[in-house]
1. Which stretch or stretches of the stretch A:184-212 have amide N atoms under 15 Å from the point lying 7 Å from A:Ser393's Cα along the Cα→Cβ direction?
2. Which residues of the stretch A:318-363 show a drop of at least 30 Å² in accessible area when all protein chains are present, compared with their chain alone (probe radius 1.4 Å, heavy atoms only, ligands and nucleic acids excluded)?
3. With the other protein chains left in place, how much accessible area per residue, in square angstrom, belongs to chain A at a 1.4 angstrom probe?
4. Counting only protein chains, not ligands or nucleic acids, how are A:Phe25, A:Phe339 ordered by accessible area (probe 1.4 Å), most first?
5. Taking θ = phi - 60°, what integer Hz values does the Karplus form 6.51 cos²θ - 1.76 cosθ + 1.60 yield along the stretch A:192-205, in sequence order, with x for Gly and Pro?
6. What quantity of accessible surface, computed with a 1.4 Å probe and excluding non-protein components, is buried in total between chains A and B, in Å² to the nearest 100?
7. List the residues of the stretch A:9-28 for which accessible area in the full set of protein chains is at least 10 Å² lower than for the chain on its own; 1.4 Å probe, protein heavy atoms only.
8. Determine the shape class of the stretch A:270-355: with a ≥ b ≥ c the square roots of the Cα gyration tensor eigenvalues, call it rounded for a/c under 1.5, and otherwise prolate if a/b is greater than b/c, oblate otherwise.
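The values are calculated or read from the model by the stated rules, or taken from the named source; none is laboratory data. Since the model is a prediction, treat every value here as computed from it, not as a measurement. Please note: Cβ atoms are built from the backbone with ideal geometry, for glycine as well, and neighbour counts cover all protein chains shown. The accessibility values were calculated without ligands, DNA or RNA, using every heavy atom of the protein model including side chains. Shrake-Rupley method; radii C 1.70, N 1.55, O 1.52, S 1.80 Å.
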Amino acid sequence: MSKGRHSIWSSLGVVFVTVGVTIGFIVVALLIGPDIQRVVVRMVVVSLVIFLFILFLRYFALLWFSYLGHAERNVLGVREIKELPPISILVPAYNEGIVLERALTSLMQLEYPEYEVLVVDDGSTDNTLEIATQWEGQRGPGHFRVITKPNGGKATALNAGIEHSHHPLILCMDADSYLEPRALLNAARHFSDPSVGAVAGNVKVENRGRILTRLQALEYIEGLNMPRRAQGFISAVNIVPGPVGLFRREALEEVGGYDTDTFAEDADLTLKIMEVGWRAEYEDQAIAWTEAPESWRDLTQQRYRWTRGILQAIRKRKGIYLRPFPDFPLWISTVQLGFESLVWPVMNVFAHLFFAIVAVLFGAGELIVYWMILLTLLDLVAALVTVSMEEESLALVPMALIYRFVFILFLDVVKMFATMEELFRLDMGWGKLDRLENT
Amino acid sequence: MNIVDLLIAVVVVTILVTIILAVVTYVAYKLRLSREPTPRDEDPNALRYFVSYDPAASASEADSTLGRLDRDVAELEGHAAEA
C-alpha cells in the first residue's frame with residue numbers, strides 16, 4: 001500500500017476512461033442495425049434476469065440466516081458465562097478532542113465488574129491528549145489510563161494499546177463512538193466458548209437529523225448488521241467493526257495484532273483471526289453508537305477508504321478463494337466479502353444504467369418499472385423485518401423507497417471507482433472526516 | 001401521459017441523475033484531496049523561513065560580541081591617549 005502523494009490525474013483518468021467506455025457502448029448500440037439491436041436487447045434482458053436472480057438469492061439467503069441467528073438468540077437464549085473476565089478497552093484517538101469526552105463518559109457507565117480504559121493518543125495536534133489526561137487515574141467501575149505516541153495510524157495506536165493493556169479480553173472502539181451500558185456484558189458471554197476469538201458488536205448511527213444520515217442508519221441495520229447477523233449464525237463474521245469489537249487477547253497475540261498495510265484494519269484483523277482457526281461471532285446487544293458522515297463528500301471519502309481497505313485485506317489472502325475446505329464458513333464469508341466489494345457494485349451500477357438505456361432506447365420501460373416496483377417492495381419488506389428485529393424506529397422504513405435507486409447506487413459508483421483505483425494500485429491517503437460537536 | 005409513463009420517466013431520471021451526481025461527487029472529492037497539503041519529504045525541523053532563537057547560543061554570541069566591543073573601545077582609547 002502506498003501512502004504517497006495522491007495522483008489526481010490517475011484517478012481522473014480512471015473516471016474518464018470508465019465514463020468514456022460506457023458512452024461509447026451507448027453510441028454503438030444506437031448506431032448498429034435493428035437486427036443486432038434485437039440481439040443486444042436479448043443479451044441485456046438475459047443479463048438482467050441473472051442480475052435479479054443473484055440479487056434475490058443474496059437477499060433471501062441473508063434474510064434467512066439473519067432470521068435464524070435472531071431466532072437462535074431469542075429462543076435458545078444467550079449463552080451463560082460462569083465468570084466474567086476483566087476487559088481492557090482501547091480507545092485510539094487522533095484529533096478527536098471534540099468527541100472524546102462523550103466516549104469516555106459512556107465508558108464510566110458500563111455495567112461490568114472489572115475493566116480498564118486505555119486511551120491511546122496517536123500524536124494528536126488538537127486537545128485530545130489534554131482531555132484524555134483529565135480522565136487519567138479515574139477509578140470507578142473502570143480504571144482510566146492514557147498513553148501517547150507519535151502519529152502512526154489507527155493500527156499502530158491499537159497495537160500500542162494491546163501492548164500496554166493487561167486483561168484477557170480486549171475491546172477496541174473508536175473515539176467518535178460510545179457504548180451502551182450493557183455492551184460489554186452482552187459481548188463477553190460469547191467467550192464462554194473457547195473457540196471464539198472475536199465478537200462483533202452492533203453499530204448504530206446516532207445522528208439522524210438528515211435524510212442522508214437516516215439512509216445510513218437504515219443501511220447499518222439492513223446492509224451491515226443483517227449480513228453480520230447471518231454470518232454470526234455460522235460463526236464467520238468477516239468484519240468485526242472498528243466502533244465495537246471484543247477480542248480474546250490470545251487470538252490477537254497469535255496473529256501479531258493489527259497489520260499496518262491496509263486501510264481497513266478491522267476487516268484485515270478479523271480475517272487473520274479466522275484464518276488461524278478462531279471463530280468470530282456477532283452480538284446484536286453489544287451496541288455502539290457512531291457518528292455518520294453528514295455530507296455526500298464525507299460519505300464518499302469514508303466509503304472510498306472502506307472499499308480500498310477491504311480489497312487490500314482480500315488481496316493479502318487470495319489463496320482462501322481456492323480453498324473452500326476444511327473451513328467452509330471462512331470461505332463463504334470471504335467470498336461474500338469479495339463479492340460485496342468487488343463484483344456487486346460494478347454489477348449494480350451497470351445493471352441500473354442498462355435499465356435506463358433499455359427503457360429509453362428500446363421501449364422496455366414498462367417492464368423495467370414493474371421490475372423496480374418489485375425491488376422497492378423487497379427493500380421495504382427487508383427494511384421492515386430488519387428494523388423490527390433490532391427494535392429500531394419504524395420511521396426508518398420509508399427510507400427504503402429511495403434506498404436502492406439513490407443511496408446504494410451512489411455508493412456503488414464510488415465503490416466501483418475505488419475498486420478500479422485499487423486494481424491499478426493508485427496512491428491513497430487515510431483522510432479524516434470532519435467531526436461534529438453537536439452529536 | 002399515463003401513470004406508467006410517469007413512473008418510467010421518474011425511474012430513468014433518478015438512475016441517470018444519481019449516477020451522474022455520484023461521478024461528479026467522486027471527481028470533486030478527488031480534486032479536493034489533491035489540493036490538501038501533503039507531508040513533505042524534507043526534514044520537518046529544517047529551517048524554512050525564520051532563524052530559530054536559541055538562548056544559550058545567543059548568550060555566548062552576545063558575550064563574544066561584547067568582548068569584541070570592549071576590545072575595540074580599549075583600542076580606540078589607546079589610540080586617543082597616544083594622540
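1. A:204-212
2. Residues shielded by partner chains are A:Leu353, A:Ala356.
3. Numbers: 18200 Å² over 439 residues.
Solvent-accessible surface per residue comes out at 41 Å².
4. Details: A:Phe25 140, A:Phe339 50 Å².
Accessible-area ranking of A:Phe25, A:Phe339, largest first: A:Phe25, A:Phe339.
5. Residue by residue, the stretch A:192-205 yields 5, 8, x, 8, 7, x, 8, 10, 8, x, 9, 8, 10, 7 Hz.
6. Working: alone 19440 and 7930 Å², together 24750 Å².
Summed over both sides, the interface buries about 2600 Å².
7. A:Ser11, A:Leu12, A:Val15, A:Val19
8. Details: a/c = 2.11, a/b = 1.27, b/c = 1.66.
It comes out oblate by the Cα gyration axes.
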